[in-house]
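Notes to accompany the following structure.
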Amino acid sequence: MKKTINNSVRTAVFIIILFVFVGIGPSIKHFDGSYSYDNEPFEISPAITDEAGKNEPVVYKKEEIEIDGKPQVVHFLELDLSNSEVSVFPVLAKDKIFGFELLSGVDKRYNALATVNAGFNYSYGQPSGFVVSNGRILTGSLGYGRILLITNNKARFVDAPAEVRIECGGEQIFIDRVNPYPAEQGVSIYTSEYGPTDRFDKRHTVCVVRNGKVVSSGIADAEAEIPDDGYLIVDSKTENSVLSGFNTGHEVKIRWIDQAEQGYQCSGSLVENGVNVAKDTDPWAGSMEIPTPRTAVGIKDESTLVFIVVDGRQPGYSTGVTGKQLADILISAGVTEAALLDGGASSEMIVNGEIVNKPSAGKERLIASAFVITRN
């Protein structure tokens, strides 16, 4: 008899607990339009949380939504740029102009709080446009795509191209390319991220700069060595070169748009002034009307940066989105300005050492660049 009573008590307690859990199940947020969002809890460290709060410098959220009756899984990473506890900056694979790396490799190398795949690239991994990382220019603007700038803990977008120039001896010289391959006509800068030499196989004018000062200047008959503690300024011309006035001991400074601490040239614009401006095609992404995994970066206000990764190409789990749908999701999340990053199998987000999304290839894809969030 006593045993029967104990069993009845256990059953009653179980039923009560079950009702409690049902009553406090996941909340549902409804955004404008046909999007239905369902929060899914995700266990992470206190530094990165899925519960938004003004004091949290980094906020991660995973949302399950439906668009036109098809499931979509969206990953948000929101950063408070005004918080001195964290930093965000773009990096290249293995910190070099050439080559590729898994995002998990980048994440471990920087001991990051979070990482997100960045933009597009040319052959051999060369970035598709302007990149400045922690005050160091790595590549110049190539004419297309919005440029994200972060300066003094504030973010904004500017239109390409971004002007780069050299100041020396009271003169200003505009730079045509930064770390170009193959070598091109005009004036270029080559940094140590490019490799041991400038790979310039013709006679050219070379100015070697170390610690902000010219240490040598003249004509090179073959490839010139790039110093680890400096850079080269190269002119494809050997006669009447604009570098002829650069003399040993002259101070040299590289200047670029707003002298931003961080800069990255994305692809096409998605949101401007809170309005969906996504196009049907993109010079880098191709068709924007095909549902596919996509990555984007946006700004809610000058001190709030948002990265978004939408999974795709996985029926029953997440279909993927078009460009216009991606822009609508960003707007619904409060983003006022946004631009496209690389997508497809490259779309990936890592939070606290774990890949939080499901890359469409079923595994990580080698990428050329990424955004890294670290603790200061």
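Read-outs: derived from the displayed coordinates by stated rules, not from any lab. Bear in mind the structure is a predicted one, so any value in this text is a computation, not a measurement. Cβ: placed from backbone, ideal geometry, glycine included. Neighbour counts: every protein chain shown.
Between the amide H of Ser369 and those of Ala93, Ala118, distances stay under 5 Å, these residues lying 5 or more places away or on another chain, with hydrogens modeled in the peptide plane. Checking every one of the trypsin sites (Lys or Arg not before Pro) in region 113-210 against DSSP loop status and a limit of 15 other Cβ atoms within 10 Å picks out Arg199, Lys202, Arg203. Derived scalar couplings between HN and Hα for region 294-301 equal 9, 10, 8, 10, x, 10, 7, 8 Hz in order, rounded to whole Hz, by the Karplus curve 6.51 cos²θ - 1.76 cosθ + 1.60 (θ = phi - 60°), x for Gly and Pro. Mark the label point 7 Å from the Cα of Arg109 along Cα→Cβ and return the residues of region 178-219 whose backbone N is within less than 16 Å of it. Within reach of a label on Arg109: 192-196.
Pairs Lys61/Lys324; Lys70/Lys324; Lys154/Lys213; Lys94/Lys237; Lys62/Lys324; Lys61/Lys94: which are spaced more than 23 Å apart, C-alpha to C-alpha? Checking Cα-Cα distances, Lys154/Lys213; Lys94/Lys237; Lys61/Lys94 exceed 23 Å. Note that the chain shows a convex hull volume over its alpha carbon atoms of 159 Å³ per residue. Using the Cβ-Cβ distance between Gln314 and Lys253 with R0 = 51 Å, the FRET efficiency computed as 1/(1 + (r/R0)^6) comes to roughly 0.55. Our helix-only sum for the chain, with -39,500 (n - 2.57) per DSSP H run of n ≥ 4 divided by its residues, gives a mean residue ellipticity at 222 nm of -3500 deg cm²/dmol. Based on the reciprocal of the average 1/r between different C-alpha atoms, the Kirkwood radius for region 170-250 equals 12.4 Å. Shown in residue order for region 358-371 are the 3J(HN,Hα) couplings computed by the Karplus curve 6.51 cos²θ - 1.76 cosθ + 1.60 at θ = phi - 60°: 10, x, 5, 7, x, 7, 5, 10, 5, 10, 9, 7, 7, 9 Hz (x for Gly and Pro). Couplings 3J(HN,Hα) of region 214-220, computed from phi: 5, 10, 6, 7, x, 9, 10 Hz, in residue order, whole Hz [Karplus 6.51 cos²θ - 1.76 cosθ + 1.60, θ = phi - 60°; x for Gly and Pro].
In terms of Cα to Cα distance under 14 Å, which aspartates and glutamates are near enough to Lys300, apart from those fewer than 8 places away along the same chain? Counting by Cα, and skipping residues close in sequence, Lys300 has these aspartates and glutamates nearby: Glu78, Asp80, Glu272, Asp328, Glu337. As a rough guide to protection, the peptides 80-88, 56-64 ranked by mean Cβ packing within 10 Å, highest first, stand as 56-64, 80-88. In this simple spin-label model, placing a label point 7 Å from the Cα along the Cα-to-Cβ direction at both Arg156 and Val275 gives a separation of 1.9 nm.
The mean sequence separation of alpha-carbon pairs under 8 Å and at least six residues apart, normalised by the residue count of the chain, gives a relative contact order of 22 percent.
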